[in-house]
Amino acid sequence: MNEEKETQLSGEESLKLISEMIGKAKRSYITKGIASIVWGILIVVCSLLTWAQVQYQFHLGFDVWLLVLVAVIPQIFFSIKEKRQKTFVGHDEITMRFVWTTFGICIFILSFYSSRFHTDDITSLFMMMYGIPTFITGGIFKFKPMILGGVICWGLSVGSMYTPLSTDMLFMAACGLFAWLLPGIILWNRYKKNQACNV
Amino acid sequence: MFKELDPILHSQLRLAVMSLLISVKEAEFTFLKEKTNSTAGNLSVQINKLKDAGYIDVTKQFNNNYPQTICKITRKGIDAFEEYVKALQSYMNPNGQ
């Protein structure tokens, strides 16, 4: 777009340009979904290992859920890397940051509660919590897999009130799969497809 | 009676920049350059015109020793953009007024 060549735009051309630019900006919103994939894998693995320990009566020698703390490191690394590469800030980014920070703090408090009172009976609450940011994120970005993931978390949360701990862990693995892992893979594929289109 | 189109916005590159900025909270100069496929010089001139009109805020800063220009649409810019789109729609669909 050079000033020298700039001609008076017709009504149609102006509207077409506006819509084209808004479309370009929207396509820039596509994230890689790496955080979603990392956390999805983590929840699925930790839940299945916990289920296996209860089901087959063995102990790994450490609390597998401590892996969650290990995942925070790559999460911070990828977030900083992504932030450095980004050349714009979206309207909903700050809202999202607050939603997921709130979620992280609440999960930490819930874990602390569980540890303090030595109770494993709060898996339903964890699943309910998983559904909240997932549903909000899906709703704000009109991303159906995450909306569905949030609803599945809540459904499994209710279901887990009637099942033993070992089954709860399978439910929790399903939460990780449907709320984060699968939506993350869909986001990653979209990102790759979008990149291929831009080449 | 047709509304007059805002001459500041009725220019290809300035309209493209405003359309991008209305879609995001803020954007770097490089983002605008890439999306509009414009030259740095031309984009810089058009950004200054939008800034002088009070339609955008421009902040210059350093990030890791690299100069960074961040543009953000202002309230006045949003109002002007909305008015421009309304005026365009009235041109396109005069019976719909």
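The values are calculated or read from the model by the stated rules, or taken from the named source; none is laboratory data. These numbers were taken from a predicted model, which means no experiment stands behind them. FYI the Cβ positions are ideal-geometry reconstructions off the backbone, even for glycines, and counts take in every protein chain you see.
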(request) Among what's in segment A:137-146 and is more than 11 Å from the chain's Cα centre (by Cα) and outside any loop (DSSP other than H, G, I, E, B), pick the residue that is nearest to residue A:170 (Cα to Cα). (result) A:144
(message) Please count how many residues of segment A:170-199 are farther than 28 Å from residue A:158 by Cα, without any contact (Cβ under 8 Å) to a residue 40 or more places away in the chain and surrounded by 15 or more Cβ atoms within 10 Å (Cβ to Cβ).
(response) 0
(message) Going residue by residue through segment A:92-109, is there one that turns out to be in contact (Cβ under 8 Å) with a residue 40 or more places away in the chain, closer than 26 Å to residue A:162 by Cβ and assigned to a helix (DSSP H, G or I)?
(response) no
(request) Quick one: which residue in A:111, A:157 is at pLDDT 95 or above and polar (S, T, N, Q)? (result) A:157
(request) Inspect segment A:64-86 for any residue being under 23 Å from residue A:129 (Cα atoms), aliphatic (A, V, I, L, M) and within 12 Å of chain B (Cβ to nearest Cβ) and give the result as yes or no. (result) no
(request) Just name the residue that is farthest from the other protein chains (Cβ to nearest Cβ) out of those in segment A:21-59 that are among the small types (Gly, Ala, Ser) and in contact (Cβ under 8 Å) with a residue 12 or more places away in the chain. (result) A:47
(request) Restricting attention to segment A:146-164, report how many residues are surrounded by fewer than 17 Cβ atoms within 10 Å (Cβ to Cβ) and touching a Ser or Thr at 6+ places or on another chain (Cβ under 7 Å). (result) 1
(request) Kindly state which strands (runs of 3 or more DSSP E) lie completely within chain B and contain at least 2 residues that are more than 9 Å from chain A (Cβ to nearest Cβ) and surrounded by 19 or more Cβ atoms within 10 Å (Cβ to Cβ). (result) B:66-73
(request) Please find, among A:132, A:105, the residue that is surrounded by 15 or more Cβ atoms within 10 Å (Cβ to Cβ) and either among the charged types (D, E, K, R) or under 18 Å from the mean Cα position of the chain (by Cα) (or both). (result) A:132
(request) Output the number of residues of segment A:35-68 satisfying the condition of being small (Gly, Ala, Ser) and at pLDDT below 90. (result) 2
